[in-house]
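The values are calculated or read from the model by the stated rules, or taken from the named source; none is laboratory data. Quick caveat: nothing in here was measured; it's all calculated off a predicted structure. Here the Cβ positions follow ideal geometry from the backbone for every residue, glycine too, while neighbour counts run over all protein chains shown. Heads up: the accessible areas ignore ligands, DNA and RNA and are worked out on the full protein's heavy atoms, side chains in. Shrake-Rupley method; radii C 1.70, N 1.55, O 1.52, S 1.80 Å.
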Amino acid sequence: MADNLYTVSELKSMPLVDEIQWERLKKELPVQELVVFVDEYLCELSQTWLMPESKPLQLEADDLRSLAHRFAGTAGTMGLKKIRYFFLCLEYAPTLQEAQQLHDQLDQIVQESKVWLQSIVSSSSLN
């Protein structure tokens, strides 16, 4: 059933980045552009999901699922595997309580993603 497809236990062990997708993207676009796109996405994600004034979990269930689906798709396109999986878990969360427990993990995942992005910026491949 759909609510068993994506689990919090798998989220915790999910790799941060889909290396195959990231390598594909690097063949299509300069790394500097990819970094800008990922950074913009992480900023939009933070504004939409993490700012105190944003309250996405107060949306109607269908609206919440739709928003989570949109963020999952964008993350998947960018190779942000753990963020994609997070939003799929949220999209299919069977209860608001489970959605809240998931949401509580998002800030840590975003911080890990920012550290990874900074490592890309700092790497010699940008020179």
Discussion item. As an exercise: evaluate L59 against (1) aliphatic (A, V, I, L, M); (2) at pLDDT 95 or above; (3) over 15 Å from the mean Cα position of the chain (by Cα) and give the number of the one condition it does not meet.
Written reply: (2)
Worksheet, complete the sentence: The residue that is least open to solvent (accessible area, probe 1.4 Å), considering only those in region 14-66 that are closer than 17 Å to Q111 by Cα, free of Cβ contacts under 8 Å to residues at least 40 places away in the same chain and touching a helix residue (DSSP H, G or I) at 6+ places or on another chain (Cβ under 8 Å), is Y41
Worksheet item: Is there a residue in region 90-99 that is within 16 Å of M14 (Cβ to Cβ), touching a Gly at 6+ places or on another chain (Cβ under 6 Å) and of a type outside the set (S, T, N, Q)?
Response: no
Worksheet item: If you go through region 52-70 one residue at a time, how many are part of a helix (DSSP H, G or I) and out of contact with any Phe, Trp or Tyr (no Cβ under 6 Å at 6 or more places or on another chain)?
Response: 11
Practice prompt. For residues that are in a helix (DSSP H, G or I) and either surrounded by 18 or more Cβ atoms within 10 Å (Cβ to Cβ) or on the phi > 0 side of the Ramachandran plot (or both), tally how many sit in region 84-102.
Written response: 10
Worksheet item: Taking region 1-13 on its own, how many of its residues are over 16 Å from I83 (Cβ atoms) and open to solvent by less than 40 Å² (accessible area, probe 1.4 Å)?
Response: 0
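Residues are listed down the side, and each one gets a yes or a no for (1) out of contact with any Lys or Arg (no Cβ under 8 Å at 6 or more places or on another chain); (2) part of a loop (DSSP other than H, G, I, E, B):
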position	(1), (2)
V17	no, yes
R24	yes, no
V35	yes, no
A72	no, no
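Restricting the search to region 67-83, which residues are open to solvent by 30 Å² or more (accessible area, probe 1.4 Å) and in contact (Cβ under 8 Å) with a residue 60 or more places away in the chain? Reasoning before the result, please.
Filtering region 67-83 for residues open to solvent by 30 Å² or more (accessible area, probe 1.4 Å) gives 67, 69-70, 73-74, 77-78, 81.
The answer is K81, and nothing else.
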